[in-house]
Amino acid sequence: MSVLKTLLSKTISTEAKDDKKWSGGVTANDKWHPPAGLFDKSAATIAKTLKENSDSEKQAMSRLNFYINRAGKNLSEKDKERLNDAKDKLKTLYAKDKKISKESVDYGKTLRW
């Protein structure tokens with residue numbers, strides 16, 4: 001179902017023959033649009049916002065990668081570094097959630113009678 005939802009939410013325009021990049025023909029009909037200036041903010045803010053507004057780690061990372069790929073060569077080295085830091089922070093945020101959920105149900109402890 002999620003594959004169908006993804007296909008329906010994104011449309012690839014075959015009419016954009018002037019664009020040399022595939023991303024130039026992609027139009028997002030998605031219901032989520034990043035807040036203005038989000039990708040200009042700190043790595044921690046980017047990661048937190050993407051996590052709060054995404055259904056999964058995969059979706060959050062896809063949104064960040066789409067922005068990075070769309071910006072392409074227009075990103076400065078400083079921006080690339082900040083956005084890659086945001087990827088690391090995003091992974092850390094989701095890893096913390098996984099750790100907490102595993103700790104909340106600790107199957108390794110034995111009951112003592």
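The values are calculated or read from the model by the stated rules, or taken from the named source; none is laboratory data. This one's a predicted model, so the numbers in the text were calculated from it and none came from an experiment. Here Cβ is always computed from backbone atoms with ideal geometry, including for glycine, and neighbour counts include all displayed protein chains.
Figures for the structure shown
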| read-out | value |
| --- | --- |
| Within the stretch 45-61, tally of residues that are assigned to a helix (DSSP H, G or I) and loosely packed, with under 14 Cβ neighbours inside 10 Å | 2 |
| Pairs with Cβ under 8 Å, 6+ apart, first in the stretch 62-88 and modelled with pLDDT of 90 or more and surrounded by 14 or more Cβ atoms within 10 Å (Cβ to Cβ), second of a type outside the set (A, V, I, L, M, F, W, C) and not in a helix (DSSP H, G or I) | ARG63/PRO34; ARG63/SER54; TYR67/PRO34; ARG82/SER42 |
